[in-house]
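The structure appears below as structure tokens.
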Amino acid sequence: MATIVKTEEAKPPHKGLKKGLYLIPTAFTAANIGMGFLAVLWSIRGFQTVFTNPESSASYFNYAAIAIGLAILFDTLDGRVARMTRTATEIGVQFDSLADVLTFGIAPIALIYSWSIAATFGENSPAHGFGIFLLFMYLMCGAFRLARFNLQATRPRVLIEGTPKIDKKNFVGLPIPPAAGLLASIVHFAPMPLNSYGEGNAYLYTILIMALLAILGVLMVSTIRYTSFKSTGSGKRNLYLVLVIAAVGMLIWLYSKYVVLILAAIYVTHGIVWYLAGLFRPRRKIEELKGEI
């Protein structure tokens, strides 16, 4: 009689290693959430002494701003690591968006409220209420921006030929991490609560911050294109990219208050500049066609 030999199914090599790779992007997302959590706590801790000990409040506000900056770094790394290791999953996308609502939505609101609005305006004043309204609208715009991004990522635009197209080079609307980064960089540049600058200056600076909140909210829900940098480093100039990153990193280490604020402001404004420049391009093409005719 023929004997039946049972053979074990061949296991794919490095199966355990492949499973472990899926944890790396999740770890960066968890670190993102942790930074947002600490930023909220430090903002609350800073507000406790905003009227009695502004110097102590400034240190806590600065910690909160740095935590938001580190969260941006972790948020950038989790996506890049997921693409490099090909471990991007649907649950990872949703997890990352929920993390962004906390870290780049709620955490900056807590920081700006404690550092400027609540420190400057009385709780029962109309300006205080309007400031809370702007903070809420900033959060709503950020949440809407994240929801639209998830929808565009899962349902790419279909061309006439029937082929899907995903624009990897640009974001539609200002992403919420740079918006939060600009707010955090301003606090990092001047961490002292605004009430410590005198009543007149405090009112002026707080009104400017409230105007900035409104502008950032509008930019997030707009259709202005912003560079995504997702394809950066995928070409043949990786060496130059490493040198640029090293140079920027050293500048941030030495002059973080200035460099971070400048970088955040440049990113937020470059989309507006490109949009305004694009308004004149069709006119130039029409004029050129008329000249040829």
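The values are calculated or read from the model by the stated rules, or taken from the named source; none is laboratory data. The structure displayed is predicted, hence computed values, not measured ones. Backbone-built Cβ (ideal geometry, glycine too); neighbour counts: all protein chains shown.
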- For the range 180-229, name all the residues that are in contact (Cβ under 8 Å) with a residue 40 or more places away in the chain and of a type in the set (Asp, Glu). none
- Within the bounds of the range 15-25, is there any residue that is part of a helix (DSSP H, G or I), modelled with pLDDT under 80 and buried (at least 20 other Cβ atoms within 10 Å of the Cβ)? yes
- Message: Yes or no: the range 128-151 includes at least one residue that is of a type in the set (Gly, Ala, Ser), closer than 13 Å to residue 216 by Cβ and either modelled with pLDDT of 95 or more or assigned to a helix (DSSP H, G or I) (or both).
- Response: yes
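I need a count of the residues in the range 95-127 that are touching a Leu at 6+ places or on another chain (Cβ under 8 Å), farther than 20 Å from residue 46 by Cβ and either of a type in the set (Ser, Thr, Tyr) or modelled with pLDDT of 95 or more (or both).
So the answer is 1.
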- Query: Any idea which of 262, 266 is loosely packed, with under 15 Cβ neighbours inside 10 Å, at pLDDT 80 or above and closer than 23 Å to residue 58 by Cα?
  - Reply: 262
